[in-house]
1. Criterion first (out of contact with any Ser or Thr (no Cβ under 8 Å at 6 or more places or on another chain), modelled with pLDDT of 95 or more and either farther than 13 Å from Val125 by Cβ or assigned to a loop (DSSP other than H, G, I, E, B) (or both)) does Phe64 satisfy it?
2. Conditions first: (1) outside any strand (DSSP E or B); (2) at pLDDT 95 or above. Lys82 passes all but one, so which condition is the exception?
3. Hey, any hits in region 106-128 for a residue that's open to solvent by less than 30 Å² (accessible area, probe 1.4 Å), without any contact (Cβ under 8 Å) to a residue 40 or more places away in the chain and not in a strand (DSSP E or B)?
4. Counting just the residues of region 1-47 that are part of a loop (DSSP other than H, G, I, E, B), small (Gly, Ala, Ser) and surrounded by 11 or more Cβ atoms within 10 Å (Cβ to Cβ), which one comes out modelled with the highest pLDDT?
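The values are calculated or read from the model by the stated rules, or taken from the named source; none is laboratory data. Every value quoted in this text rests on a predicted model; they were computed, and no experiment measured them. Quick reminder, even Gly has a Cβ in these numbers, built from the backbone with ideal geometry, and neighbours come from all protein chains shown. For accessibility, only protein heavy atoms count, side chains too; no ligands or nucleic acids. Shrake-Rupley method; radii C 1.70, N 1.55, O 1.52, S 1.80 Å.
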Amino acid sequence: MLAESLVHQASDLGVETGDEIVFRRTGVPDKVLRDLRRGRFTIVDELDLHGLVAAEARDAVREFIADCAGRGRHCVRIIHGKGRGSGPRGPVLKKSVNLWLRKHDAVLAFCSARAPHGGTGAIYVLLKS
């Protein structure tokens, strides 16, 4: 079940505040990921996770991705923040979103956003159309 697969300890993931996140499924061409990283896809929707705890964020991400994929929205942005207020735990939501999206079948690729769109505090997500 998807909900069970999304349970984890964010501290198990090796992503730090300023680290860039990049992921693509097997079969997604290099050019597609390169274009995504350069911000060449139109962002048609966004989700801001600021102020949410991990459980709330997990549910919000799951619902957002399902809704966007169901409505044929191809490229979206998720703002997870840089985790500067997380203290020694590091960027909890950033680490968590990185894992959750890797497990979601509708996600083809994702990467940290360009600086004008949030930089390492946000990601572009490419969904199956």
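1. no
2. (2)
3. yes
4. Looking at residues that are part of a loop (DSSP other than H, G, I, E, B), small (Gly, Ala, Ser) and surrounded by 11 or more Cβ atoms within 10 Å (Cβ to Cβ), I get Gly39.
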